[in-house]
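The values are calculated or read from the model by the stated rules, or taken from the named source; none is laboratory data. Owing to the predicted nature of the structure, the values given are computational and were not obtained by experimental measurement. With ideal geometry, Cβ positions are generated from the backbone for all residues, glycine too; neighbour counts draw on all protein chains shown. Ligands, DNA and RNA are stripped out before the accessible areas are found, and what is left, the full protein with its side chains, is counted by its heavy atoms. Shrake-Rupley method; radii C 1.70, N 1.55, O 1.52, S 1.80 Å.
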Amino acid sequence: MVNRDRELERMQSVKLTKQFAEQEGRRPRILIAEMEEDGSKKERKLAAAAFADAGWDVDVGSLETPEDTARNAVDNDVHFIYYASDSPRRTKLLVSLERALTLLGRDDILVALNPGEESEKETLFRYGIAAVFPHNYPLEQAGLTMLGLLMAQPEEENK
């Protein structure tokens, strides 16, 4: 049953990415960020594959500072940055990333964290992080949620 649900979510995501592409002239683009060596490389690889299968254009970042990650996102004109990390420093890194995006004039680039703890959600949302997914949250569902957030942005912000 779980695999069937995930396949349905993937198909729904492909449909939404096509709809987005028709409206915006290109598919949604996501950067899978790596801002520290934290043992989450496997999760980032799985996320890259899942988002690509769901119709996203995927960029995979190398190990970079939050400022360099923001510049990479701007240079590649992504819509979303996805950060997978269990690091205790993830909140600080994401706040720095969001600040760097704002300084670069691209606070329209949305940011997601997976996994995130309930206790850090309020802080992350306050600093502009768009989505925080709990441990073991299905990537297919995360992709759908992120597409929904992206498509809900006002027209002038969808670049």
Which residues among the stretch 86-129 fall inside the zone where the amide N is under 16 Å from a point 7 Å beyond the Cα of Gln153, along Cα→Cβ?
98-113, 128-129
Magnitude of the Cβ-charge dipole of the chain, K/R +1 and D/E -1, about the Cα centre, nearest 20 debye?
300
In sequence order, what are the phi-derived ³J(HN,Hα) couplings for the stretch 49-57 according to the Karplus relation 6.51 cos²θ - 1.76 cosθ + 1.60 with θ = phi - 60°, rounded to whole Hz, with x for glycine and proline?
5, 5, 5, 4, 4, 8, x, 7, 7
Can you list residues from other chains, or at least 5 along the same chain, whose modelled amide H is less than 5 Å from the amide H of Ser85?
Asn114
Tell me, what HN-Hα J-couplings in whole Hz come from the Karplus equation 6.51 cos²θ - 1.76 cosθ + 1.60 at θ = phi - 60° for each residue of the stretch 98-107, using x for Gly and Pro?
4, 4, 5, 4, 5, 4, 8, x, 10, 6
Through the Karplus equation 6.51 cos²θ - 1.76 cosθ + 1.60, θ set to phi - 60°, convert the phi angles of the stretch 31-47 into ³J(HN,Hα) values in whole Hz; use x for Gly and Pro.
10, 8, 8, 9, 10, 6, 7, 9, x, 9, 4, 4, 4, 5, 5, 4, 5
Which lysines, if any, have their Cα less than 29 Å from the Cα of Lys18, not counting same-chain residues under 8 positions apart?
Lys41, Lys42, Lys45, Lys159
Could you sort 71-83, 108-120, 17-29 so that the peptide with the highest average Cβ count within 10 Å comes first and the rest follow in order?
71-83, 108-120, 17-29
Tell me, what is the 1.4 Å probe accessible area of Leu101, in Å² to the nearest 10?
0
Starting from a Cα-only point model with no solvent, please compute log10 I(q)/I(0) by Debye for the stretch 41-103 at q = 0.23, 0.25 1/Å.
-1.06, -1.19
So, in Å, what gap is there between the alpha-carbon centers of the stretch 1-67 and the stretch 91-130?
18
Using the Kirkwood radius built from alpha carbon pairs, what does the Stokes-Einstein equation give as D for the stretch 73-152 at 37 °C and 0.692 mPa s, in µm² per second?
257
What residues have an amide H closer than 5 Å to that of Ile109, excluding those fewer than 5 places away on the same chain, when H is modeled at 1.01 Å from N in the peptide plane?
none
Out of these labelled values of Rg/Rh (Cα atoms, Kirkwood Rh), (1) 0.94; (2) 1.01; (3) 0.96, which was calculated from the coordinates shown here?
(1)
What residues qualify as long-range amide H neighbours of Ile32, i.e. H under 5 Å apart, gap of 5 or more or another chain, H built at 1.01 Å from N?
Asp59, Val60, Gly61, Tyr82
Just from its helices, what would the mean residue ellipticity at 222 nm be for the chain, if runs of 4 or more DSSP H residues each count -39500 (n - 2.57) and the sum is divided by every residue, rounded to the nearest 500 deg cm²/dmol?
-16500 deg cm²/dmol
Considering only protein heavy atoms and a 1.4 Å probe, what is the carbon-and-sulfur percentage of the accessible area of the stretch 35-133?
49
